[in-house]
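Undergrad: Below are the structure tokens for one structure; questions will follow.
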Amino acid sequence: MTDIRGAVALVTGASRGIGKGIALAFGRAGIRVAVNYHSRADDAAAVVDAIKSAGGDAIALRADVSQSADIERLVREAEKAFGPPTILVNNAGILGVLSNDEVDEAEWEHVIRVNLTSAFLVTKAVLPGMRKAGWGRIINLSSVAAQTGGATALHYAASKAGLVGLTHSYAARLAKTGITANAIAPALIETDMVTGGLRASPERIPIGRFGTLEEAGETALFLVRNGFVNGQTINLNGGLYMSS
């Protein structure tokens, strides 16, 4: 599949931040986008309006992707609107900036469920449609924290490292089905989470600036368009972490 126009994408946590950037890039490329959100209905509606204003098609769908029942409804609604999603971006997540001593069992389980278990559950829900189509793209949003431990708490880093392992497993097991699985590990993209939650400075980045939502979106589009990239982690970090 070289022409992605008309393909259906489900982007979780797409009302703001990197999810928003990816949803907008997909819409500009002619992909029909199911914009998932949890609580920011107005922000999700604004993303949909922006996609439609640019000539694309999108719908906002509320769901808590850490809950199986919500996921089942989310996928049904996406299928009713556009057909089965063959592009999935598991982006939904929470930050949890705490000292390691502050992370108790309940906090650990909450972050792991929202950041990691949700990706497993949503992927499981959309895989039958991808298999039937004989084509699919799974993109998991990891983080530089998975590689360095990051400035966040250990449960966040663990959840993002878990996404890389999940990506490898899907990539290996689905390789002959036309479905690829890859991860993006961003660092300090200019989002509310980075500038507000982390209060990060662009001086930490070797190139001296934050990454943009457009750059995040284009990275995801690359992974959609290229069927030979599989099981990889794309480091979108301005040189903060350099891999061999």
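Readers should treat all values here as calculations from the given coordinates under stated rules, not as data from a laboratory. Note that the coordinates shown come from a computational prediction; the quantities given were computed from them, not determined experimentally. Note that each Cβ is placed from the backbone with ideal geometry, even for glycine, and that neighbours are counted across all protein chains shown.
Undergrad: Which residues' amide hydrogens lie under 5 Å from the amide hydrogen of Val33, considering only partners 5 or more residues apart or on another chain, with H built in the peptide plane?
TA: Ala9, Asp57, Ala58, Ile59
Undergrad: Quick check for me: using +1 on Lys/Arg Cβ and -1 on Asp/Glu Cβ, what's the dipole size of region 8-236 about its Cα centre, in debye to the nearest 20?
TA: Details: 22 positive and 21 negative charges, 213 e Å.
Dipole magnitude for region 8-236 comes out near 1020 debye.
Undergrad: Here's another thing I want to ask about it. Karplus couplings for region 20-33 from phi (6.51 cos²θ - 1.76 cosθ + 1.60, θ = phi - 60°), rounded to Hz, Gly and Pro as x?
TA: Couplings: 4, x, 5, 4, 5, 5, 4, x, 5, 7, x, 7, 7, 10 Hz.
Undergrad: May I pose another question? Sequence-distant or interchain residues sharing an amide H contact under 5 Å with Gly231, placed H: which?
TA: Counting only residues 5 or more places away or on other chains, the set is Ala181, Asn182.
Undergrad: Can you give me the long-range amide H partners of Gly211? Hydrogens built in the peptide plane at 1.01 Å from N, cutoff under 5 Å, separation of 5 or more residues or another chain.
TA: Ile189, Glu190
Undergrad: Report the one residue of Ser99, Gly21, Ile138 whose Cα lies farthest in the direction of the positive end of the charge dipole of region 8-236 (charges on C-beta: Lys and Arg +1, Asp and Glu -1; origin at the Cα centre).
TA: Ile138
Undergrad: Round to the nearest 10 and give me the degree value, 0 to 90, for the angle of helix 41-53's Cα axis relative to the longest principal axis of the chain.
TA: Long axis of 41-53 versus the principal axis of the chain: about 50 degrees.
Undergrad: Could I ask something else about it? What is the angle, in °, between the Cα long axis of helix 213-225 and the longest principal axis of the Cα atoms in the chain? Nearest 10 is fine, range 0 to 90.
TA: 50
Undergrad: Oh, and also: Convert each backbone phi in region 99-108 into a coupling constant with the Karplus relation 6.51 cos²θ - 1.76 cosθ + 1.60 (shift: θ = phi - 60°), then list the ³J(HN,Hα) values in order as whole Hz, x for Gly and Pro.
TA: Per residue, the Karplus-derived 3J(HN,Hα) values read 6, 4, 5, 7, 7, 9, 4, 5, 5, 4 Hz.
Undergrad: As I understand it, the value is the acute angle between the Cα axis of helix 118-133 and the longest principal axis of the Cα atoms of the chain; what does it come to in degrees, rounded to 10?
TA: 30
Undergrad: So, one more: Cα centroids of region 123-139 and region 34-61: how far apart, whole angstrom?
TA: If we compute the Cα centre of each part, the gap is 22 Å.
Undergrad: Among the lysines in the chain, how many pairs, 8 or more places apart or on different chains, have alpha carbons under 24 Å apart?
TA: So the count works out to 11.
Undergrad: Relative contact order of region 13-103, please, whole-number percent, based on alpha carbon pairs below 8 angstrom and at least 6 residues apart. Display every interim value, and only then the final one.
TA: Numbers: 122 pairs, mean separation 24.1, N = 91.
27 percent.
Undergrad: Quick one: 3J(HN,Hα) in Hz for region 61-72, Karplus 6.51/-1.76/1.60 with θ = phi - 60°, rounded, Gly and Pro as x.
TA: Rounded to whole hertz, the list is 10, 7, 6, 8, 6, 8, 10, 4, 4, 5, 5, 4.
Undergrad: While we're on this one: Under the rule of -39500 (n - 2.57) per DSSP H run of 4 or more residues, summed and divided by the residues of the chain, what mean residue ellipticity at 222 nm is obtained, to the nearest 500 deg cm²/dmol?
TA: Details: 8 runs with 102 residues, N = 244.
Counting only the DSSP helices, I get -13000 deg cm²/dmol.
Undergrad: Can you tell which of Ala175, Val65, Ile205 lies farthest toward the positive end of the dipole of the chain, using +1 and -1 charges on the Cβ of basic and acidic side chains (Lys, Arg; Asp, Glu)?
TA: Value: Ala175.
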